[in-house]
1. What is the one condition in (1) crowded, with 16+ Cβ neighbours inside 10 Å; (2) modelled with pLDDT under 90 that residue B:167 does not satisfy?
2. Looking at (1) in contact (Cβ under 8 Å) with a residue 24 or more places away in the chain; (2) surrounded by fewer than 19 Cβ atoms within 10 Å (Cβ to Cβ), can you tell me which one residue A:295 breaks?
3. Just a yes or no: is a residue in the range B:148-158 modelled with pLDDT of 95 or more and open to solvent by 40 Å² or more (accessible area, probe 1.4 Å)?
4. Of all residues in the range B:211-239, which are out of contact with any Lys or Arg (no Cβ under 8 Å at 6 or more places or on another chain), buried (at least 22 other Cβ atoms within 10 Å of the Cβ) and not polar (S, T, N, Q)?
5. Out of the residues in the range A:389-436 meeting the condition of being touching a residue at least 60 places away in the same chain (Cβ under 8 Å) and of a type in the set (Gly, Ala, Ser), tell me which one is farthest from the other protein chains (Cβ to nearest Cβ).
6. Has the range A:240-251 got at least one residue that is more than 20 Å from residue A:428 (Cα to Cα), surrounded by fewer than 18 Cβ atoms within 10 Å (Cβ to Cβ) and in the same structural domain as residue A:418 (by TED's automatic domain parsing)?
7. Give B:120, B:99, B:114 a once-over and let me know the one that is in contact with a His (Cβ under 7 Å, 6 or more places away or on another chain), away from chain A (no Cβ under 14 Å) and not acidic (Asp, Glu).
8. Does residue B:206 count as within 24 Å of residue B:113 (Cα to Cα) and either in contact (Cβ under 8 Å) with a residue 12 or more places away in the chain or in contact with an Asp or Glu (Cβ under 8 Å, 6 or more places away or on another chain) (or both)?
Amino acid sequence: MKKTLALLLTALMLLSLAACAQPAPAAEAAPAAPATEAAAEATEAPVQKDITLTFMASQDWVQDAELALAQKFTEQTGIKVDYQIVPSDQYPNLLQTKLNSGECTDIFCSQAGRFDIVTTLNVAKNAADLTAEPWVATMEATAAAEVTADGKVYGQPMQDTSAVWAIAYNKKIFSDLGLSIPKSWAEFTAVCDAILATGVTPVYEPVSDGWHHVLWFAEMGAAYEKAEPGLVDALNGNTKKIADSAIMKTAVAQIKEMADKGYWGENYMADVYADQPAKMASGEYAMTVANQGLPQQIADLNSGLTADDIGFFVIPLADNQMLNVNPVGPTRFIYSGSANVEAAKQYLAFLAQPENLQYMIDNVAKFQNLPFSGLTPKYAGTVKEFYDMYSEKGTVLQTAVKYVNPQWMEIGKEIVSVIQGMQDDMTMLGNLDKNRADQAMAAQDAAW
Amino acid sequence: MSKSKHYPAYFLIGTLLLYVVLYLLPGLIGIGYSFTDWSAFSDKVNFLGYDHMFDNYIKAFSDVKYFGYLGNTLLFTFVTTIVKNVLGLALAVLLTRQVKLLNFHRAVMYIPAVLSALIVGMIFKSILHPADGLLNSTLKIFGIKGVKWLTDPKIAFWSVMGVDIWKGMGYIMTIFIAGIMSISPTYYEAAEIDGAGGWQKFRAITLPMLAPTMTVTTVLNVIYGLRVFDMVYALTNGGPGYVTEVLYTGIYKEFGYGKYAMGTTLSSIMFVFMAIIGYFLIRAMNRNEVEE
């Protein structure tokens with residue numbers, strides 16, 4: 001009798017444990033849960049009113065203005081949009097896991113890029129074809145190319161892709177010293193030397209964040225291609241290695257030279273990106289690599305500098321004089337496995353209506369334009385002047401060349417190892433090739 | 001005790017089942033994945049083939065980068081274990097004497113141990129900032145030029161170990177205090193009658209009597225050292241370059257980059273290391289108990 005009782009108790013205990021264990025996976029999958037709910041609702045009641053679209057994005061990608069538009073959409077159609085915002089350091093991993101396990105939200109966001117959407121996102125399998133959507137025709141051609149694979153459009157850009165990472169400089173410091181915008185590497189070092197001699201640090205470079213200093217290397221893609229025509233195609237076809245490129249070696253050497261000569265100051269390794277506007281406003285630094293949102297941020301600090309006191313010129317490494325454009329930004333995709341593809345398409349079409357795009361430009365401080373036609377951009381005078389200064393344009397390395405963007409943070413570590421004298425530039429470029437090969441082979445790229 | 005008060009053997013089933021399902025099986029599956037090409041870049045997981053099945057392991061031991069992670073982890077474990085034991089013991093000896101405000105001093109030494117490593121890491125990141133950190137600013141007052149504690153490749157890893165020792169020694173001290181308090185005062189009284197000095201008492205009584213405690217603290221320190229992650233992550237995130245990267249920060253990054261197979265390979269290596277070291281430590285511990 002006791003034995004039976006004991007057995008029964010054991011069984012009960014196990015059962016309760018099993019019951020306890022159950023909520024765990026459900027909790028983990030919580031962000032995806034509304035999708036199944038919505039799917040169930042959609043099959044039970046095909047009336048649009050009961051649909052809830054699930055939407056997943058990295059932090060900072062979804063603006064308050066977009067949430068306001070979502071509410072308006074719900075009022076018009078009855079379709080609800082459930083935004084799930086994920087911390088940016090976890091986002092790429094979470095998205096990959098969801099896509100690989102077939103449990104993604106109705107709409108997901110990701111950085112686009114003609115190569116990355118194929119190798120990393122596998123859009124042909126994971127995303128719905130949007131080619132027939134009415135708004136596709138209004139998309140700017142450069143932006144459209146980065147969300148297109150095999151002639152099919154898969155994504156909708158959600159941010160301003162016109163901003164350029166360039167050198168922002170303090171016009172007052174430049175005019176006090178009688179300096180003009182440098183147009184070559186030699187001129188740039190001369191400018192830096194002149195600034196350094198006055199006790200001002202020439203460049204604020206926040207290496208501590210791990211990603212910012214990589215811009216010096218990767219934003220020069222167009223200059224590399226100009227110096228070595230055919231380089232981009234050769235790198236993508238794996239007929240040439242990064243380590244074989246003399247111009248890229250030069251760029252790395254120049255980055256090290258800046259650090260060695262003290263252009264970045266004493267403590268660049270500990271400096272952080274968040275301090276950039278304050279450091280520039282303090283007048284202790286004359287230049288920094290930033291995009292066109294910086295002047296307004298500096299002006300907002302009330303330091304005596306206005307937005308017009310900050311000018312821009314392109315990064316002159318490798319004697320670059322081309323505007324480095326990057327038509328890639330966070331992009332909305334519709335998950336192919338979604339039960340609400342039609343409703344999701346309806347939502348994207350709503351967001352791409354000219355009045356709604358204009359609403360975004362007018363209400364989001366950092367947006368100056370969106371990559372669609374028929375809109376009124378709000379470029380400040382100094383920014384427009386900068387864009388007009390360069391007649392030639394070219395695409396950045398991380399967008400033009402495959403398997404560069406996914407290893408961005410690793411490139412950061414490699415550059416630091418070079419700057420700190422722990423390895424030479426050839427070892428660094430070789431490691432970049434090695435990482436590219438790893439990814440290419442994992443993606444079963446035929447060129448590798 | 002009557003026989004019926006013993007639990008029957010089948011009571012084990014539940015625990016065993018949970019253990020197998022939640023610990024053993026995932027562990028084995030993890031090791032299995034280290035023989036594949038699993039990555040975020042492809043939704044297929046392929047076995048590497050019998051000719052190439054150890055490719056991930058060969059890479060882990062031949063790549064300078066991964067080998068560096070392993071070396072750093074062992075260095076970290078070795079240094080922090082020894083220094084925490086020595087300082088922990090010294091503090092324990094000090095704080096078992098007749099000192100004013102004894103409990104206050106003990107609490108002050110112990111407080112870092114209850115703080116989260118991430119918080120300690122963030123606080124020290126600001127203290128050790130080369131330009132306006134507390135440490136270098138203080139040194140400046142005395143006319144000493146501070147160094148770049150966390151960003152100079154030659155110093156960074158030692159700074160990380162220093163912060164970890166500061167945080168961990170209070171905890172070790174507490175264990176030693178308990179050990180010292182359990183030593184019967186009669187030994188010391190007898191030694192005093194024989195005319196033994198402080199150092200002789202420490203060497204001949206305290207130290208041998210603390211051997212079992214020291215085994216415990218060593219096991220704790222070694223296991224903690226091998227799986228250190230948060231302190232390195234918060235202080236340097238493996239930088240500058242890769243000089244402070246340890247195995248767990250390395251594994252975390254491999255997973256982050258989507259190289260899942262490499263991540264599981266490094267985890268498997270870690271598992272084997274821990275199993276071997278754990279085995280020898282437990283043997284050493286048992287021997288001590290027998291000797292007693």
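The values are calculated or read from the model by the stated rules, or taken from the named source; none is laboratory data. Because the structure is predicted, anything quoted here is derived from the model rather than measured. Virtual Cβ from ideal backbone geometry, glycine too; neighbours counted across all protein chains shown. Areas reflect the complete protein model, heavy atoms only, side chains present, ligands, DNA and RNA absent. Shrake-Rupley method; radii C 1.70, N 1.55, O 1.52, S 1.80 Å.
1. Tallying (1) crowded, with 16+ Cβ neighbours inside 10 Å; (2) modelled with pLDDT under 90, residue B:167 fails exactly one: (2).
2. (2) is the only condition that residue A:295 fails.
3. yes
4. Hits for the range B:211-239 are B:225, B:228, B:232.
5. A:394
6. No, because not a single residue in the range A:240-251 is more than 20 Å from residue A:428 (Cα to Cα), surrounded by fewer than 18 Cβ atoms within 10 Å (Cβ to Cβ) and in the same structural domain as residue A:418 (by TED's automatic domain parsing).
7. Just a single option satisfies the conditions, and that option is B:99.
8. Against the criterion (within 24 Å of residue B:113 (Cα to Cα) and either in contact (Cβ under 8 Å) with a residue 12 or more places away in the chain or in contact with an Asp or Glu (Cβ under 8 Å, 6 or more places away or on another chain) (or both)), residue B:206 does not qualify.
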